[in-house]
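Just below is one structure, and these are the notes that go with it.
The values are calculated or read from the model by the stated rules, or taken from the named source; none is laboratory data. These numbers were taken from a predicted model, which means no experiment stands behind them. So basically every Cβ, Gly included, is an ideal-geometry build from the backbone, and we count neighbours across all protein chains shown. Quick note on the areas: whole protein, heavy atoms, side chains included, nothing else; ligands and nucleic acids left out. Shrake-Rupley method; radii C 1.70, N 1.55, O 1.52, S 1.80 Å.
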2 protein chains.
Amino acid sequence: MNRLNEKARAMIAEAIGAENIIVEDEILDRYARDETSDLEHAPDIVVRVSTAGEVGRVLKICNELGVPVTPRGAGTGVTGGAVPVTGGVLLSLERMNRILEIDERNMTALVEPAVITGDLQRAARERGLMYPPDPASLDSCSIGGNVAEGAGGPRAVKYGTTKDYVLGLEFVLPDGAIITTGGKFVKNATGFNLCGLLTGSEGTLAVITKILLRLVPAAPFSMDLLLPYDTLEAAVDDVYAIIARRVGPAALEFMEEDAIRLTARHLGQDMPFPDARAHLLVQLDGTSEEAVRDQVAAIAGCISVPEERIIAAESRAQSERIWKARRAIREAITAESPVFLAEDTVVPRSEIPAFLKKVKEFLNARGLRSVMFGHAGDGNVHIDVLSGGMPRAEWDGLVPELKKNIYAIALAHGGTITGEHGIGFTRRDYLGLALGEDEIALQKRVKAAFDPRGILNPRKIFGD
Amino acid sequence: MNRLNEKARAMIAEAIGAENIIVEDEILDRYARDETSDLEHAPDIVVRVSTAGEVGRVLKICNELGVPVTPRGAGTGVTGGAVPVTGGVLLSLERMNRILEIDERNMTALVEPAVITGDLQRAARERGLMYPPDPASLDSCSIGGNVAEGAGGPRAVKYGTTKDYVLGLEFVLPDGAIITTGGKFVKNATGFNLCGLLTGSEGTLAVITKILLRLVPAAPFSMDLLLPYDTLEAAVDDVYAIIARRVGPAALEFMEEDAIRLTARHLGQDMPFPDARAHLLVQLDGTSEEAVRDQVAAIAGCISVPEERIIAAESRAQSERIWKARRAIREAITAESPVFLAEDTVVPRSEIPAFLKKVKEFLNARGLRSVMFGHAGDGNVHIDVLSGGMPRAEWDGLVPELKKNIYAIALAHGGTITGEHGIGFTRRDYLGLALGEDEIALQKRVKAAFDPRGILNPRKIFGD
């Protein structure tokens, strides 16, 4: 530990107690990674805070000393947002994990940042309410991280992403100021929309210490459909038909053929339509069984798949079977190729077929295997490229070129480079492909308005 | 015109042509007001721009000279946002009024800022699509103004406000930089959410020159219900019951007794339930007549009003009759008392009865008449206080105390001082009631990140 970090340690110990500081190497090592493959850097100190006041005292000290602070919730991010790449203080919010209030009448939840998203969903559901955003990691990720990243999930097509649910925030600035903004109302024209700005700011502007979320009445009934296709284009045509029919599905996911085949092999025989060129998975929800059945009938009437080929899950077991393949994709990939590149580009819905075709051609020409799947309803496409048997050094050398090309194709199709995972550390060098110089300069000035000394999550979002 | 403005005039004339500049007093006078009562200040020059490039050249000149620039769309705001209170350049965007594209497949509209909101709604509807935000002034206000103010409307309870529809923006900074952000996708984790920040920024951060909006499939069927109540509390209980029943009404408006009586007198006998203590107006929409009827049945089953007292509009004429009173409130007020105070506080839905009771008591104790109405579903309460026969000087002296007290009551009930009209000029001295010193200081730093010389819409939002 250098002298500056040593000084920070001593001052923080005095301010909030030495018992809240970790300096033992073997524990620091646990905070060196999030779920980004191939990225680790241990912090010099881990500070575990329990209140906004403690956060303020720690930040004020670090700000005065110029010591980097990396906020961390559950550490489930996949672009290195919670990795302390410049060392310094890892500010762990893991102890701030209480659901403070669920207000049934105003349909809001007030939570601390380390509440696990799935726990909030269950607490809401017990009261007949629902917190819709459903990132794949919902049983391990924290709501603070969801706000920091602007997390989405399959239900975004009907219910939107995290930003559509943040009504209020308590956050702490590097100078120690604690600010509470927003409240239990969906309309607010009182000054700038800081909730909107902070959601998705990846821990670079402030440390969020309380979150007021909008809940919606739970939909008690749901049904899942699996639709097989002979071409990806036909699947995307039906995505449009379903949306235009105003059915409003709660999820509208796709898998293309390579994703289907890889997963089918991984799962053995237990998968419907393993030979299709594309699958659509549709989830419908509603207030009555009849309302859901009406939606199923509306979909059957507007899509190209003949009714006898539609698999409709009538039970939870059937639902599980339908979603099994979609949920097993990452597992199948990891089993096949532990090292892989995971991108989450987004394109206009209409561009999905052309975009995927171009990406596939580009990767095939390099002899690379890839699988594509994701959120067809909102154009958010997951592209996983497998390293396969390629020697590690060669793969590492190849990744920047792969990213650059995938991003360029997404941008050429009117899309952008990340839909829900964020820029973080791993994509910071590519931000300039998506945003112009003037916009990046502006965003850096916004960053400086919050964090003039640049201590908060340095080297994230912006390249050097 | 002082020498600085004269210099600006000459430089702008050279940059974009003298034919786009107005300096004649009688025309300048037309740009001295928006729809805020009692506020006028003429600009020194009006500049009418047609392209983002022209906006950039004008802003660059004014930024270099330090000349204030007030952007203006249709001038229908009610808090003085478009009034050039410090003189200088009035930047009129009125010529930038084209709908550039409606993309049916991706369900987006690309528009210039001066497109009238109602025109966009009609253009969308012709294609089976819908642009939901519906401020009362929708046939005269412009979409650029809606974005600047974060406009809402009755349909916000189901469909959200303007910020929920802005997918992308082209905007110009004071230094002339033209920035395009966002795109035809609902998920975006690529850098900070500038669309979210700019929506509702009241023309103080940048001049918006293009807007990419999300559209939704149109709901072809709708029905309106009028529900009479003996107490306001019973009405608000039913608001909660309707929302909890997950009916998802497209509008859920209320009028309290003074609003009902004043409007009934203004309209003569042509109003249902003129003696009720509160009305709820419910609009339902859906893809089929049956779906709408199911919603009506669900509502009838969960509210306290007996079925025979519910008026359900079966025809357009009946709908008009139901909405007539709600729409005639402002007209009735103006007829009764041309000078009045119009507030649009917002409180948590559950607080509406207690909040209105307190405000009413406060106003009654001062012998003032008031009418209250608005968006029950989202807690956005319009409070109009009538000056009646009070001498003008006395009234003007009273207004600050009225505002301060109404805002204090809203804040004490967990609300805030404006839900959809913005802070603008008329509420700038009260921002400190709603936001803490640290938040205001932060917002001013954000403002400086966009507009370091403070030329854009000066004296708006922030007090001196």
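A few notes on this one:
- Per-residue 3J(HN,Hα) values for segment B:68-85, derived from phi via the Karplus relation 6.51 cos²θ - 1.76 cosθ + 1.60 with θ = phi - 60°, read x, 10, 10, x, 9, x, 8, x, 9, x, 10, 10, x, x, 9, 8, x, 5 Hz in sequence order (x marks Gly and Pro).
- Alpha-carbon centroids, segment A:36-50 and segment B:237-311: separation in whole Å: 55
- Percent antiparallel among DSSP beta bridges (both partners in segment A:3-95, rounded to 5): 20
- Across segment B:90-105, coupling constants 3J(HN,Hα) worked out from phi with the 6.51/-1.76/1.60 Karplus curve, θ = phi - 60°, read 9, 8, 8, 9, 4, 7, 8, 10, 9, 7, 7, 6, 10, 9, 5, 5 Hz, and Gly and Pro carry x.
- The per residue volume of the convex hull around the alpha-carbon atoms of the protein assembly as shown is 168 Å³.
- Nearest residue to the symmetry axis between A and B, taken on chain A by its Cβ, in whole Å: A:GLY196, 1
- Computed magnitude of the charge dipole of segment B:1-99 (debye, nearest 20; Cβ of K, R +1, Cβ of D, E -1): 420
- Its Cα centre serving as origin, chain A has a Cβ charge dipole (Lys and Arg +1, Asp and Glu -1) of approximately 780 debye.
- Nonlocal amide H pairs with B:GLY191, under 5 Å, H built at 1.01 Å: A:ILE423
- With a 1.4 angstrom probe, the accessible area lost at the B-A interface totals about 6200 Å².
- In Å², nearest 10: area of B:ASP175 left accessible to a 1.4 Å probe: 80
- Heavy-atom accessible surface of segment B:31-130: percent carbon and sulfur, 1.4 Å: 43
- Kyte-Doolittle mean at least -0.5 and Cα axial length at least 27 Å: DSSP H helices in chain B: B:392-412
- Across chain A, C-alpha contacts under 8 Å between residues 6 or more apart give a mean separation that, scaled by the residue count, equals a relative contact order of 15 percent.
- Long-range HN-HN contacts of A:ARG369 with modeled amide H, under 5 Å: A:LEU386
- Relative contact order of segment A:282-434, taken over Cα pairs closer than 8 Å and 6 or more residues apart, is 23 percent.
- Beta bridges from DSSP with both residues in segment B:67-149: antiparallel share about 55 percent, rounded to the nearest 5.
- Shape category assigned to segment A:221-329 from the gyration tensor of Cα positions, a/c cut at 1.5: oblate
- Considering only Cα atoms, the convex hull volume of segment A:99-217 works out to 98 Å³ per residue.
- Amide H within-cut-off set for B:MET130, under 5 Å, with H built and near neighbours excluded: B:VAL216, B:ALA218
- Which listed pairs, of B:LYS187/B:LYS447; A:LYS158/B:LYS403; B:LYS403/B:LYS444; A:LYS460/B:LYS404; A:LYS360/B:LYS158, have C-alpha distances above 32 Å, in listed order: A:LYS158/B:LYS403; A:LYS460/B:LYS404; A:LYS360/B:LYS158
- Using a cutoff of 8 angstrom between alpha carbon atoms and counting only pairs six or more residues apart, the relative contact order for segment B:91-161 works out to 26 percent.
- Dipole magnitude for segment B:91-163: about 200 debye, using +1 per Lys or Arg Cβ and -1 per Asp or Glu Cβ, origin at the Cα centre.
- With the whole protein complex present, B:TRP323 retains an accessible surface near 20 Å², based on a 1.4 Å probe.
- Secondary-structure-derived ellipticity at 222 nm for the protein assembly as shown, considering helices only, amounts to -11000 deg cm²/dmol, per-run term -39500 (n - 2.57) for DSSP H runs with n ≥ 4.
- Counting only Cα atoms, the size of chain B along its three principal axes is 70, 58, 42 Å, in decreasing order.
- Debye log10 I(q)/I(0) at q = 0.22, 0.24 Å⁻¹ for segment B:3-95, Cα point scatterers: -1.06, -1.24
- Aspartates and glutamates whose Cα lies under 14 Å from that of B:LYS210, excluding same-chain neighbours fewer than 8 positions away: B:GLU54, B:GLU94, B:GLU101, B:GLU112, B:GLU170
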